[in-house]
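Asker: Below you will find the structure I want to go over with you.
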Amino acid sequence: MGISLQYFAAFSSALGALSTGTALGWTSNLQHKIVFFSDYGFKVSELDFSILGSVLNLGAASICVLAGLMINHYGRRGTMILVLIPFILGWCLLITAINVSMLIIGRALLGMACGVCCVSCPVYVGEIADKEIRGKLGSFFQLLITTGIMFVYILGAYSSSQITSSVCGFIPVLFGVCIFFCPESPTFYVMRGKHDKAIKSLARFRDESADLYAELNYLIEEDELRRSQNVKAALRRKSSIKGMVIALGLMFFQQLSGINAVIFYTTTIFKDAKIEIKPEFATIVLGIIQVAATFIATLTVDKIGRKMLLIISGIFMALCTLVLGVYYGLKETDVDSVKGYGWITLLSLCVFIIAFSLGFGPVAWIMIGEIFTSDVKGFAGSMAGTLNWSLAFAVTAVYPTIRDLIGPSACFLIFTILSTLGILFSIFIVPETKGKSLAEIQQTLDGK
């Protein structure tokens, strides 16, 4: 039962990621319906819709610190159940909205729910999973995010805004039902001094051959260390400092790799490749590619390793943005010089999406649940989540202005430099955590 329950619990928690994905992708294929065809029956300007897109990121960034406190007070599972409240309220407001304010509040509530999920779900999976399959189970989170994005792309292309929101609103309910039947993390029980419940939780998550008391004793020793130090002292440990550098660095390079800019240029790239395809179908194609690549990552992350996937991912992302930068640079100088080469931009777009989905997309979230001890995990996870969502908002809000100022070519070349720095960061700073226990990871971070 142990391994199968780990898979069920990881998939159940990842349904929160599926809910997050639908919230993230909701605006993509509904803009024309809401802004130009008054799908809601009232006027929504392009500025209003821009706010709808960005307020989700702000809502997520604002809640991450509180989410770190919640997982330590209410539990990892308990927090995931509580997050149903903003999820359901948010979708209900989007279904029944009679003015723009209701839409904005609904999107903000969904953002808060997404922010809590991005802190609680990776931590939960990192604590319940055996080290041999921890990477695979952890990658479910990114896989279900991309699946949710693809799902709402398709749904939004063929359905009204209210129907799309109604279907999306059912997913958090399914998430809540599934997570209700999952045990709480044994680490949380130990933190609350409930050792009898911790051993019962371990017994359900582990096979009969596992040494439950050895694992329980390690968790108790870790908890005693946590209690002997305050958070400030714990954060001053070498392993905690390096862990924070790794977590924040991965989130930085994930969001500044150019993923948002590349997706922003999807329609233009399809046109340059002489493929006349409607924008809503272009986003569906990208969604399918992203899900397929992320699925491959779930199969390889425990075989190839986190570090190697990050390096491979960074190399191909840098090459793709370099090609896009050169192409648009030549196009700005002489349009005829790139005539007939539009297929190169389409190939670069697809390879970039695949590379991101194999490495920096899922691995950044996997490592959040792996590299921290319980005394700093809530704080560190919330800081990483806050940075991730804040950068997502900043890139989305600022990129169009910067692109107009310096041109797309210079933007893509900047992303090439940032991806190159991400490669160096992965080589020299990020440790390999594949197949290692928490104790072994801490020793690695301490330089032992």
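The values are calculated or read from the model by the stated rules, or taken from the named source; none is laboratory data. Keep in mind that what you see is a predicted model, and the values were worked out from it rather than measured. Here the Cβ positions follow ideal geometry from the backbone for every residue, glycine too, while neighbour counts run over all protein chains shown.
Asker: Of the residues that make up the stretch 389-409, is at least one modelled with pLDDT of 90 or more and surrounded by 21 or more Cβ atoms within 10 Å (Cβ to Cβ)?
Answerer: The answer is yes, given that some residue of the stretch 389-409 is modelled with pLDDT of 90 or more and surrounded by 21 or more Cβ atoms within 10 Å (Cβ to Cβ).
Asker: Can you confirm whether the stretch 348-364 contains a residue that is touching a Lys or Arg at 6+ places or on another chain (Cβ under 6 Å) and either modelled with pLDDT of 95 or more or assigned to a helix (DSSP H, G or I) (or both)? Give the derivation first.
Answerer: Pass one, the stretch 348-364, residues touching a Lys or Arg at 6+ places or on another chain (Cβ under 6 Å): 363.
Of the ones still in play, those that are also either modelled with pLDDT of 95 or more or assigned to a helix (DSSP H, G or I) (or both) are 363.
Taking every residue of the stretch 348-364 in turn, at least one turns out to be touching a Lys or Arg at 6+ places or on another chain (Cβ under 6 Å) and either modelled with pLDDT of 95 or more or assigned to a helix (DSSP H, G or I) (or both).
Asker: Further question on the same structure: Residue check, E432 against (1) more than 18 Å from F352 (Cα to Cα); (2) assigned to a helix (DSSP H, G or I); (3) touching a Ser or Thr at 6+ places or on another chain (Cβ under 9 Å), all met but one. Which one?
Answerer: With (1) more than 18 Å from F352 (Cα to Cα); (2) assigned to a helix (DSSP H, G or I); (3) touching a Ser or Thr at 6+ places or on another chain (Cβ under 9 Å) applied to E432, the lone miss is (2).
Asker: Just one of (1) among the polar types (S, T, N, Q); (2) closer than 21 Å to Q6 by Cα; (3) surrounded by 12 or more Cβ atoms within 10 Å (Cβ to Cβ) trips up S239, so point out which.
Answerer: Here S239 meets the rest and fails (2).
Asker: Considering only residues that are under 19 Å from T283 (Cβ atoms) and either in contact (Cβ under 8 Å) with a residue 24 or more places away in the chain or not assigned by TED's automatic domain parsing to the domain that holds I85 (or both), which ones fall in the stretch 33-50? Explain how you work it out, then say what you get.
Answerer: Going residue by residue through the stretch 33-50, those that are under 19 Å from T283 (Cβ atoms) are 33-37, 39, 46, 49-50.
Selection gives K33, I34, D39.
Asker: Here's a follow-up. Check off (1) surrounded by 24 or more Cβ atoms within 10 Å (Cβ to Cβ); (2) modelled with pLDDT under 90; (3) out of contact with any Phe, Trp or Tyr (no Cβ under 8 Å at 6 or more places or on another chain); (4) assigned to a helix (DSSP H, G or I) for A380 and give me the number that stays unchecked.
Answerer: (3)
Asker: Do any helices (runs of 4 or more DSSP H) entirely within the stretch 257-302 hold 2 or more residues that are crowded, with 22+ Cβ neighbours inside 10 Å and at pLDDT 80 or above, and if so, which?
Answerer: Working: elements: 259-264, 266-272, 279-300.
Once the helices (runs of 4 or more DSSP H) in the stretch 257-302 are filtered for at least 2 residues that are crowded, with 22+ Cβ neighbours inside 10 Å and at pLDDT 80 or above, what remains is 279-300.
Rundown of residues vs (1) more than 19 Å from A10 (Cα to Cα); (2) buried (at least 24 other Cβ atoms within 10 Å of the Cβ); (3) under 20 Å from the mean Cα position of the chain (by Cα); (4) touching a residue at least 12 places away in the same chain (Cβ under 8 Å), yes/no style:
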position	(1), (2), (3), (4)
L58	yes, no, yes, yes
V65	yes, no, yes, yes
L84	no, no, yes, yes
I88	yes, no, no, yes
I105	yes, no, no, yes
G111	yes, yes, yes, yes
V119	no, yes, yes, yes
V125	no, yes, yes, yes
I145	no, yes, yes, yes
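Asker: Got at least one residue in the stretch 431-447 being under 30 Å from V338 (Cβ atoms) and surrounded by fewer than 18 Cβ atoms within 10 Å (Cβ to Cβ)?
Answerer: Looking for residues that are under 30 Å from V338 (Cβ atoms) and surrounded by fewer than 18 Cβ atoms within 10 Å (Cβ to Cβ), one finds none in the stretch 431-447, hence no.
Asker: Across the stretch 148-196, what is the number of residues that are free of Cβ contacts under 8 Å to residues at least 12 places away in the same chain, among the β-branched types (V, I, T) and not assigned by TED's automatic domain parsing to the domain that holds V123?
Answerer: Qualifying residue count for the region: 0.
Asker: Here's something else I'd like to know. Considering each of L30, L66 in turn, give the residue that is under 22 Å from F393 (Cα atoms) and in contact with an Asp or Glu (Cβ under 8 Å, 6 or more places away or on another chain). It would help to see each step written out before you state the result.
Answerer: Values: L66 fails: in contact with an Asp or Glu (Cβ under 8 Å, 6 or more places away or on another chain).
Selected residue: L30, the only one of L30, L66 that is under 22 Å from F393 (Cα atoms) and in contact with an Asp or Glu (Cβ under 8 Å, 6 or more places away or on another chain).
Asker: Something else now. Kindly check whether there is at least one residue in the stretch 327-335 that is more than 26 Å from R134 (Cα to Cα) and assigned to a loop (DSSP other than H, G, I, E, B).
Answerer: Of all residues in the stretch 327-335, those more than 26 Å from R134 (Cα to Cα) come to 327-335.
Now restrict to residues that are assigned to a loop (DSSP other than H, G, I, E, B): 334.
There is at least one residue in the stretch 327-335 that is more than 26 Å from R134 (Cα to Cα) and assigned to a loop (DSSP other than H, G, I, E, B).
Asker: Further, regarding this structure: Given the criterion over 18 Å from I149 (Cα atoms) and among the aliphatic types (A, V, I, L, M), identify the matching residue among I289, I353, I296, I368.
Answerer: Values: I289 fails: over 18 Å from I149 (Cα atoms); I353 fails: over 18 Å from I149 (Cα atoms); I296 fails: over 18 Å from I149 (Cα atoms).
Every option except I368 fails the conditions.
Asker: Of the conditions (1) β-branched (V, I, T); (2) buried (at least 24 other Cβ atoms within 10 Å of the Cβ); (3) closer than 26 Å to A297 by Cα; (4) modelled with pLDDT of 95 or more, I171 satisfies every one except a single condition; which number is it?
Answerer: Looking at each condition in turn, I171 falls short on (2).
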